[in-house]
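Taking it in order: structure first as structure tokens, then the write-up.
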Amino acid sequence: MDVTVGTGDTVDVFARLMDGNTYDNYGSERAPVSFPVTEELRAMLVASGANTINVLMNQLAGERGKRGTLYRTLDDGSVHWCYARLIGISARRAITHRTHLPLTIEFARETKWYGVSYSISGALDTSPTTVNLPNYGTAPVTNCIITLNPGSGSALTGITISASTISSFTYTGTVAQNTDLDIDCGAYTVENNSSDDYANFSLDSTHTIADWLRIQPDGTDVRIDFTGGGDATSSATFNYYESWE
């Protein structure tokens, strides 16, 4: 089986103006991929006889329309995954196809390809603390989950997380000793000790993007400021997958 590489199409970036001109909605910013992306895979059914080929083909046909996790393995051995829906399977059966049958399988890919899983931690022993988050993929990571834990130290308060000149948000609540503050940048949720606490979260005036946080290709430095708490047992952990277009 072979796999597709490369990128999907770019979203329609232009707004048509009444005077006949166009306006680029993304300006100097990189425009995102337009989902779904069509992924065509060519494969070969191989069996001991024509009857077995028919059975295998019918089994595959029964998967049409289902949604799940799609994997690809590149020539360097790395494995990527995404969410996709099986759109269709096509084949041209010839008299010679008794023990093999070439197939074309079409998927509608709904997400980026995800690669290596990262869990990057930094000690919150001083304010500010900066944590470098690697991303060796080709697409920015936008669904990182951030977990702040005061450990056995004093409660964390006055927390601001920022990256580059485009992202900055503040949490004004209190993270008690040995509890977690979870900020899910993909689901846009904030939980303190597993309870919703979005009311204490806000984007700052310097925040300029739709996403809460972007880990750019080649990596991003994230800064954590806090006004209360913090020691060698306190930590900030960033969980995410490397992203590919």
Search region 36-77 for residues being among the small types (G, A, S) and not in a strand (DSSP E or B), and hand back the single one that is surrounded by the most Cβ atoms within 10 Å (Cβ to Cβ).
-> A47
Go through region 149-186 and count every residue that is free of Cβ contacts under 8 Å to residues at least 60 places away in the same chain and under 25 Å from the mean Cα position of the chain (by Cα).
-> 15
Does S202 satisfy being surrounded by fewer than 16 Cβ atoms within 10 Å (Cβ to Cβ), in contact with a Ser or Thr (Cβ under 7 Å, 6 or more places away or on another chain), modelled with pLDDT of 95 or more and farther than 14 Å from L124 by Cβ?
-> yes
Take I224 and decide whether it is touching a strand residue (DSSP E or B) at 6+ places or on another chain (Cβ under 6 Å), over 24 Å from T10 (Cβ atoms), modelled with pLDDT of 95 or more and surrounded by 16 or more Cβ atoms within 10 Å (Cβ to Cβ).
-> yes
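Yes or no, residue by residue, for (1) within 11 Å of the chain's Cα centre (by Cα); (2) crowded, with 16+ Cβ neighbours inside 10 Å:
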{"position": "T96", "(1), (2)": "no, no"}
{"position": "P102", "(1), (2)": "no, no"}
{"position": "G115", "(1), (2)": "yes, yes"}
{"position": "A123", "(1), (2)": "no, no"}
{"position": "P128", "(1), (2)": "no, no"}
{"position": "L133", "(1), (2)": "no, yes"}
{"position": "V141", "(1), (2)": "yes, yes"}
{"position": "T147", "(1), (2)": "no, yes"}
Within region 135-160, residues in contact with a strand residue (DSSP E or B) (Cβ under 7 Å, 6 or more places away or on another chain) and more than 22 Å from V190 (Cβ to Cβ) come out as N135, Y136, G137, T138, A139
Please state which of the following conditions S154 fails to meet, knowing it meets all the rest: (1) farther than 16 Å from A123 by Cα; (2) surrounded by fewer than 21 Cβ atoms within 10 Å (Cβ to Cβ).
-> (1)
Residues of region 152-188 being among the charged types (D, E, K, R) and part of a loop (DSSP other than H, G, I, E, B), which ones?
-> D180
Return the residue satisfying two criteria in turn: it lies in region 15-35 and is hydrophobic (A, V, I, L, M, F, W, C) and outside any loop (DSSP other than H, G, I, E, B), and of such residues it is farthest from T142 (Cα to Cα).
-> A15
The condition of being touching a residue at least 40 places away in the same chain (Cβ under 8 Å), charged (D, E, K, R) and closer than 30 Å to Y241 by Cα holds, among R72, R64, only for R72
Scan (1) in a loop (DSSP other than H, G, I, E, B); (2) not β-branched (V, I, T); (3) not assigned by TED's automatic domain parsing to the domain that holds N51 for the single condition A94 breaks and write down its number.
-> (3)
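The values are calculated or read from the model by the stated rules, or taken from the named source; none is laboratory data. Remember, predicted model here, so these are calculated numbers, not experimental data. A quick note on method: Cβ atoms are made from the backbone with ideal geometry, for glycine too, and the neighbour counts reach across all protein chains shown.
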